1. Taking only the stretch 162-197 into account, find how many residues are in contact with a helix residue (DSSP H, G or I) (Cβ under 9 Å, 6 or more places away or on another chain) and of a type in the set (Asp, Glu).
2. Please go through the stretch 277-296 and pick out each residue that is free of Cβ contacts under 8 Å to residues at least 24 places away in the same chain and in a helix (DSSP H, G or I).
3. If we keep just the residues of the stretch 104-124 that are polar (S, T, N, Q) and assigned to a helix (DSSP H, G or I), which is nearest to LEU32 (Cα to Cα)?
4. With the condition kept exactly as written, say whether any residue in the stretch 382-402 is at pLDDT 75 or above, exposed (fewer than 10 other Cβ atoms within 10 Å of the Cβ) and not in a loop (DSSP other than H, G, I, E, B).
5. Can you tell me which residues in the stretch 194-226 are modelled with pLDDT of 95 or more, out of contact with any strand residue (DSSP E or B) (no Cβ under 6 Å at 6 or more places or on another chain) and among the hydrophobic types (A, V, I, L, M, F, W, C)?
6. Taking the condition of being without any contact (Cβ under 8 Å) to a residue 40 or more places away in the chain, in a helix (DSSP H, G or I) and of a type in the set (D, E, K, R), how many residues in the stretch 75-103 meet it?
7. Mind checking which residues of the stretch 256-269 are surrounded by 16 or more Cβ atoms within 10 Å (Cβ to Cβ) and without any contact (Cβ under 8 Å) to a residue 60 or more places away in the chain?
Amino acid sequence: MARDPAEALALWRYHLIAEALNPKLSGRERGLLVRQIAGEHATPGGEPRQVSRNSLRDRPRSAHGSARVSPALLDEAIRLRLEVPARSAAHISEIVRSRHGVRIAERTLAEQFRRRGFTRGELLRDGRTFGRYEADAPNERWIGDVLVGPFVPHPRAPGSVRARLFVLVDDHSRLLVAGRWVGNETLRAGQEVLHAAILRRGLPESLYVDNGSSYSGAELARSCAILGIRLIHSRPYAPQGRGKQERLNRVIRERFLLEATTVGIGSLDELNDRFAAWVSRYLNVRVHSETGESPLARYSKVKRRDANPELLRTAFLWSASRRVSRTAGVSFEGNEYEVDSALAGRMVELRYRPEDLFAIEVWHAAHQVGWAEPRRIARHVHRQAPPPPAPVPAPATGIDYLGQVLADHEAERSGPIAYRAVPGAPAEGEPF
């Protein structure tokens, strides 16, 4: 869908530096992140853009004797040390010389590694840098994931659908803050789980997810930016921090899905009911082997931060940009709408809930300027919105009207016959 280019670029920039904005990072940890971020990235428009360390942070002064070292070669040397911390400065110097024909003095490299906190000793004993990170407090970091589950009966058609579980887990306490089985792995399904978790548990400081399609859309980035949540995507081939999530997925498969599939699953609603009961009665109250506490007990120390209700509502609206026609009309998702005639020929932003294409806010120049009045509605919900729940059939009354009619008819036919009622029989008092 069309989006405001300025908003898309701002969200892209914010997402790029979100992880490095964490105030709890040490100088060395922030420096490591900045070096990982620096490089070529694709803008929302698809154009490649080189992002340098200087544009991300103030450049540190060079150590004495290293002013003549190319920054690009020094960055490569640092990446070589981070890739394999056991590499010596002499070995790294030789690798750089064999690749580029330029020799960096071993003493210069050693000094640079020391100044940045990248000595072999520090890296090899620093568990936080290599994936043994744990948030310091509840709601500091939530981890999101999607677990692929079994096939369940389709709610609206013959056959079955693959169930997928959206989960959010608090990194500090291991509490499963929200989880829901769905039949379609969509961006909106992930947003709905996040919305439910915020309502129940408050706002997290950061959200750590993978690069799957259900987490990589601009709509989720917009929600997090409005609510002040740092959205962090794990980098390909660098799954640090996701080990706890993988262990949780294994527990769900071995302790819940095994039993659920053994007894049989009638529907997604039944699967969700059973899962909610299992989480409440077992998963969140069992003593965790690593923390020595139950997730619920450890989470109870949280300093909750609630979102403003109106801000929360706005954060989960979707938006699209459209140009108003000369007749004050707007086309969107196959529907036709009418807006204020003063907006004819102007670009406007449409804000809406994908589950309801009747109620669409119209924004221009950062102000709401009314609502889009439907002219012709061909689609009631956005194509990426989860389908509404299947209607629950009313309970049967047990009344068989036609069966009762048949029973009455049979009883009437099999009853005693009055002789005088037979056609041709003499009337009462007449002789036979």
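The values are calculated or read from the model by the stated rules, or taken from the named source; none is laboratory data. These numbers were taken from a predicted model, which means no experiment stands behind them. Cβ atoms come from the backbone with ideal geometry, glycine included; neighbour counts cover every protein chain shown.
1. Going residue by residue through the stretch 162-197, those that are in contact with a helix residue (DSSP H, G or I) (Cβ under 9 Å, 6 or more places away or on another chain) are 163-183, 187-188, 190-191, 194-195.
Then keep just the ones that are of a type in the set (Asp, Glu); that gives 170-171.
Summing the residues that are in contact with a helix residue (DSSP H, G or I) (Cβ under 9 Å, 6 or more places away or on another chain) and of a type in the set (Asp, Glu) in the stretch 162-197 gives 2.
2. ALA277, TRP278, SER280, ARG281
3. Of the residues in the stretch 104-124, the ones polar (S, T, N, Q) are 108, 112, 119.
Next cut, assigned to a helix (DSSP H, G or I) only: 108, 112.
Values: THR108: 19, GLN112: 13 Å.
This residue is GLN112.
4. yes
5. Within the stretch 194-226, LEU194, ILE198, LEU199, LEU203 qualify.
6. So in the stretch 75-103, the residues without any contact (Cβ under 8 Å) to a residue 40 or more places away in the chain come out as 76-77, 80, 83-103.
Still in the running and in a helix (DSSP H, G or I): 76-77, 80, 83, 89-100.
Filter again for of a type in the set (D, E, K, R), leaving 76, 83, 94, 97, 99.
Total meeting the criteria: 5.
7. Within the stretch 256-269, PHE256 is the sole residue that qualifies.
Rundown of residues vs (1) hydrophobic (A, V, I, L, M, F, W, C); (2) within 30 Å of PHE151 (Cβ to Cβ), yes/no style:
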site: SER213; (1), (2): no, yes
site: LEU227; (1), (2): yes, no
site: THR262; (1), (2): no, yes
site: SER300; (1), (2): no, no
site: GLU310; (1), (2): no, no
